[in-house]
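*Asks:* Here it is, the structure in full.
The values are calculated or read from the model by the stated rules, or taken from the named source; none is laboratory data. Everything numeric here is computed off the predicted structure, so don't read it as measured data. All Cβ positions, glycine included, derive from the backbone under ideal geometry; neighbour counts span all protein chains shown. For the accessible areas, the whole protein counts, side chains as well, though only heavy atoms, and no ligand, DNA or RNA atoms are used. Shrake-Rupley method; radii C 1.70, N 1.55, O 1.52, S 1.80 Å.
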Amino acid sequence: MDAVLKPVEKTFERKTPEQLHRPSREEAEAAVRTILAWTGDDPDREGLVETPKRVVKALSQLYSGYFEDPAEHLARTFEDVGGYKDIVLVRGIPFHSHCEHHMLPFIGEAHIAYYPAEGVVGLSKLARVVDIYAKRLQTQENLTAQIASAIDDALAPRGMAVMLEAEHQCMTMRGVQKPGVSTITTQFTGVFQDDPAEQAKFMSLVRSKG
């Protein structure tokens, strides 16, 4: 009997910045000059002479999340909360990231909720976690999962919920060119994952205008 051939599943392990060879700033600026020439413009004309330096400086800010550890921002928790055990929700956290397929921006808001177990974390730290992961090349799905995983690992809450809403410029500026289309992704753990009523409560609070 002929052997049954099974497809080989590919696994992709992301390397850390430390594992990768990072080109120098000069090499990055030279790459920008090459792209400028490829577009059909003259990198040596007055308006573009300093563009490579500006672009590299901008990219170092836009992708600074590669060199920050979210766990460091979530390490300090507060247990003296007067016995509070109900939902904690931070909604409308603005973020901007870049699609890893086209390196074009996607811009939106993140909503994060959790039920404390042992303690709570500073509210600004949740926004910081969003920023750190957003300032990397991303897909919205992966960004959602990374935010949820980092907070769940650090706080071990009874449950948490993450929802991202964003508009992708790779859909509005190129391709199908459909402005105004938003993408929504969610990730639930614990009681939010197990209880549809908790998911509905989360969605209601996110949509509430009060």
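*Asks:* Using the structure shown, decide if Gly122 is out of contact with any helix residue (DSSP H, G or I) (no Cβ under 8 Å at 6 or more places or on another chain) and open to solvent by less than 30 Å² (accessible area, probe 1.4 Å).
*Replies:* It is true that Gly122 is out of contact with any helix residue (DSSP H, G or I) (no Cβ under 8 Å at 6 or more places or on another chain) and open to solvent by less than 30 Å² (accessible area, probe 1.4 Å).
*Asks:* For the range 39-53, which positions are exposed (fewer than 12 other Cβ atoms within 10 Å of the Cβ) and part of a helix (DSSP H, G or I)?
*Replies:* Thr39, Glu46, Gly47 - these are the residues of the range 39-53 that are exposed (fewer than 12 other Cβ atoms within 10 Å of the Cβ) and part of a helix (DSSP H, G or I).
*Asks:* Give me the pairs, please: first residue somewhere in the range 183-210 and free of Cβ contacts under 8 Å to residues at least 60 places away in the same chain and surrounded by 14 or more Cβ atoms within 10 Å (Cβ to Cβ), second residue anywhere and of a type in the set (D, E, K, R) and not in a loop (DSSP other than H, G, I, E, B), beta-carbon distance under 6 Å, and either six or more positions apart or on two chains.
*Replies:* Thr185/Glu141; Thr189/Asp152
*Asks:* Conditions first: (1) within 30 Å of Thr183 (Cα to Cα); (2) among the aliphatic types (A, V, I, L, M); (3) part of a helix (DSSP H, G or I). Leu36 passes all but one, so which condition is the exception?
*Replies:* It is condition (1) that Leu36 fails.
*Asks:* While we're here: Only residues that are outside any strand (DSSP E or B) and open to solvent by 10 Å² or more (accessible area, probe 1.4 Å): list them for the range 88-118, please.
*Replies:* Keep residues of the range 88-118 that are outside any strand (DSSP E or B), which gives 100-104, 116-118.
Within the range 88-118, Glu100, His101, His102, Met103, Leu104, Ala117, Glu118 qualify.
*Asks:* The conditions are (1) over 17 Å from Leu123 (Cβ atoms); (2) in a helix (DSSP H, G or I); (3) open to solvent by less than 80 Å² (accessible area, probe 1.4 Å), and Tyr66 fails exactly one of them. Which is it?
*Replies:* (3)
*Asks:* List the helices (runs of 4 or more DSSP H) inside the range 126-210, counting only whole elements, that have at least 3 residues being over 21 Å from Asp69 (Cβ atoms).
*Replies:* Passing ranges, in order: 169-172, 190-194, 196-207.
*Asks:* Go through the range 170-182 and give me each residue that's in contact (Cβ under 8 Å) with a residue 60 or more places away in the chain and either buried (at least 16 other Cβ atoms within 10 Å of the Cβ) or within 14 Å of Ala113 (Cα to Cα) (or both).
*Replies:* Once the filter is applied, which keeps residues that are in contact (Cβ under 8 Å) with a residue 60 or more places away in the chain and either buried (at least 16 other Cβ atoms within 10 Å of the Cβ) or within 14 Å of Ala113 (Cα to Cα) (or both), the range 170-182 yields only Cys170.
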